[in-house]
Amino acid sequence: MRHLFKLDPAKANTEALIQRLAEAGTDGFIIGGTDDIEAEQVHTLYQWADKTALPIFMEISEEAFIVGAADHFLVPLVLNTTNIAWFGGKHQEVIKTYHPYMPWSKIWTEGYVILNPEAKAAKHADANTDLTYDDVAAYALMAEKLFALNILYIEYSGTYGDAALVQHAKRFLKQTKLWYGGGIRNREQALEMATVADTIIVGNVIYEDVEEAIQTAKIFADKSVTNPETI
C-alpha cells in the first residue's frame, strides 16, 4: 500500500469524483476530518467509496466516523502533543464505554507527529511542532519499540514537508509503517515523498485540482517511484 486519498466529508464530494480517484490507481481511501463533521455526510461518503471495492480506512477522530460496516479503523494518537487527552485520555474514555463492541481485529493504531504549527490539527491537539530531526527519530522509536503502533504518521497538514526529515525517521523503523501527509499537490512532490515514506496521503488537492490529485496516484501505476526500503 503506497498511496491513499484522504476524503473529508465536510468538503465537496460526489460519487463521480470518488470513482475518478479510484480509477487513478490509488490503493484506497481514508475518510477523516476535523471541522463541521456530520454523520450523514460520513455515511454517504463511505457508501460511495465502498462501491469502488478499494480498502477504506475510517479515521476515528470523533464518533461520527464510526461506520459499522467498515473493514478498517484508524485510531490516531498524537505523539508530540502537550495534552494527555490526545495520547490516551480520550481513548481511555471511549474504550471504557464501548470496549464490548470494539472490532479489535479491524483497528490500526497510528501515531501522529504533527509538524506544521499553523495547521488546525496542530492547534487542536496542542502539538509541540518545534522539533529537530533527532526529536522526530525518537518519536519513531517510541512508535515502534515502546508502543508497537502500526503506523507513524508524519503530518504537515496543509503545507509541504521536509523529505529529508521523513527519510531520517524512516531509518529507525522496521515494523511500523511510515505514512506521510501534507501539502502534496503535484506529481513531483508525490514522487519525492514516495521515495522516503511507505505510504503517501493526498488530501486537499483533491478539492483544489483533481487532475493534479490523479497524477499523484499515477506515479505508482507507471512505476516512476523508488521503493523506500532500497534507499
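No value in this document is a laboratory result; all are computed from the given coordinates. Source: prediction; values computed, not measured. For neighbour counting, all protein chains shown are included, and Cβ atoms are generated from backbone atoms with ideal geometry for every residue, glycine included.
Key figures for this structure:
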item: Cut-off 13 Å between beta-carbons: net charge of the residues surrounding Ile200, Lys and Arg +1, Asp and Glu -1; result: +2
item: Neighbour net charge for Leu141 - beta-carbon separation under 13 angstrom, K R +1, D E -1; result: +1
item: Segments 86-94, 187-195, 167-175, 55-63 sorted - mean Cβ within 10 Å per residue, highest first; result: 187-195, 55-63, 167-175, 86-94
item: Around Thr52: net Lys/Arg minus Asp/Glu count, Cβ-Cβ under 12 Å; result: -2
item: Long-range lysine pairs (8 or more apart or interchain), region 3-230, Cα under 21 Å; result: 20
item: Between region 64-111 and region 114-187, the alpha-carbon center distance in angstrom; result: 19 Å
item: Whether region 42-85 is rounded, prolate or oblate, judged on the alpha carbon gyration tensor where a/c under 1.5 counts as rounded; result: prolate
item: Value at 222 nm in deg cm²/dmol, rounded to 500, when DSSP H runs of n ≥ 4 in the chain each add -39,500 (n - 2.57); result: -9000 deg cm²/dmol
item: Cβ-derived FRET efficiency at R0 35 Å, Asp35 paired with Asp209, nearest 0.05; result: 0.95
item: By average C-beta atoms within 10 angstrom, highest first, the peptides 145-151, 21-27, 5-11; result: 5-11, 21-27, 145-151
item: Length gained when the stretch Ala138-Glu62 is fully extended (0.36 nm per residue, less Cα-Cα span); result: 24.6 nm
